[in-house]
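Okay, so here's the structure we're looking at.
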């Protein structure tokens, strides 16, 4: 990990930090926004409730390959984050990791954001780049007794599945991504979904269907069995006929997704739609000098991709720059030609 991530510049829990721009969220969009703030000559702080930069990518999917980031035919999540942290280091961002943004007030010409640990950030503008929500898995039968003993909600290290017989439960991007990434590692993989329609990317679905993964639709988990060593088998059933069968597996990945929970941001007076923040074409919210970018935003035609988030946060930072300094140019020129 680059130096900026190894030694994040933290502040005292009661200290007040003054910067031009505060970015709330240290995921891919937030880290790129920190770089771009430096490119625009702004001082910047990055606040995130997690204790390491990278957001959900680093916390949940560090070894999963990502295929839809421009310039990378495939890149592991943690490699992408490491590169973004290294790129952002040029801006000398002040990281407030392990700080949840709690309160926001406009204080004259300034905006004052206070974290749950009491740290105050005084800034001229805010860009919110938080994720889509908190992890709330749909419960599986017998799940609690096997959590940490063969039952996983995500797989930070792919090697833990080496040569295991694995059941993946779910029909979204995470389920099919895990199936695709783990197929050459696990001993065998069965993927079950309660419907015959999938929410995952069509290309990934087709690749998994053409692989050795056994995909069963209209199937759900009836019970999980095991011993002191962990999971030994799972009983599944066809939800149309109630026909049951037992799979001999040593691990279960419950890839059942996230639900949106904006937490304290819901108290800030932001215009929300489906638990996302509504923005205009310049990525501004309904609150003055408060912008948003990435998965947390909502607007007509919204596409939730990391690559889209990069463009959105560049737009947000450029517009925040003119909000801070009306004499600044909206478009500063290309980075290869300097910022003049």
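Taking only DSSP H segments of four or more residues, each worth -39500 (n - 2.57), what value at 222 nm results for the chain once the sum is divided by all its residues, to the nearest 500 deg cm²/dmol? Let's see the in-between values first.
Working: 7 runs with 71 residues, N = 340.
Result for the chain: -6000 deg cm²/dmol, rounded to the nearest 500.
Against the longest principal axis of the chain, how steep is helix 173-182, in degrees 0 to 90 to the nearest 10, with axes from Cα atoms?
That helix lies at roughly 70 degrees to the long axis.
Using a Debye calculation, one point per C-alpha and no hydration shell, please list log10 I(q)/I(0) for region 98-176 at q = 0.12 Å⁻¹ in order.
Ignoring solvent entirely, the Cα scatterers give -0.62.
From the P(r) of the chain, can you give the percent of Cα pairs sitting at distances over 39 Å?
More than 39 Å apart: 22 percent of the Cα pairs in the chain.
Residue 280 to residue 196: FRET efficiency via 1/(1 + (r/R0)^6), r the Cβ-Cβ distance, R0 56 Å, to the nearest 0.05?
Details: r = 39 Å, r/R0 = 0.70.
Once the sixth-power term is evaluated, E becomes 0.90.
Quick one: of the DSSP bridges fully inside region 141-257, what percent are antiparallel, nearest 5? Walk me through the numbers before you get to the answer.
Numbers: 12 of 28 bridges.
Antiparallel: roughly 45 percent of the beta bridges in region 141-257.
For the ranges 181-189, 235-243, 82-90, what's the packing order if you count other beta-carbon atoms within 10 Å of each residue, average per peptide, and put the highest first?
Numbers: 181-189: 17.8, 235-243: 12.9, 82-90: 19.6.
Ranked by mean Cβ neighbours within 10 Å, highest first: 82-90, 181-189, 235-243.
When ranked by the protection proxy of mean other Cβ atoms within 10 Å per residue, highest first, what sequence do the peptides 38-44, 123-129, 317-323, 297-303 form?
Values: 38-44: 19.6, 123-129: 26.3, 317-323: 22.7, 297-303: 12.4.
Top of the packing list down: 123-129, 317-323, 38-44, 297-303.
Multiplying the sequence separation of residue 16 and residue 334 by 0.36 nm and subtracting their Cα-Cα distance, what value in nm do you get?
On the way: separation 318, 0.36 × 318 = 114.48 nm, distance 3.41 nm.
So the extension gain works out to 111.1 nm.
Relative to the compact-globule scaling 2.2 N^0.38 Å, provide the ratio for the alpha-carbon radius of gyration of region 144-257. Mind dumping the intermediate values first?
Numbers: Rg = 13.1 Å, N = 114, 2.2 N^0.38 = 13.3 Å.
After normalising by residue count via 2.2 N^0.38 Å, the value is 0.98.
Write down the percent of antiparallel bridges among all DSSP beta bridges whose residues are both part of the chain, to the nearest 5. Mind dumping the intermediate values first?
On the way: 29 of 65 bridges.
That works out to approximately 45 percent antiparallel.
Taken together, the values in this text are just the output of simple stated rules run on the coordinates, not laboratory data. The shown structure was predicted, so the numbers you read here are calculated from the model rather than taken from an experiment. Note that we place each Cβ from the backbone using ideal geometry, even for glycine, and neighbour counts take in every protein chain shown.
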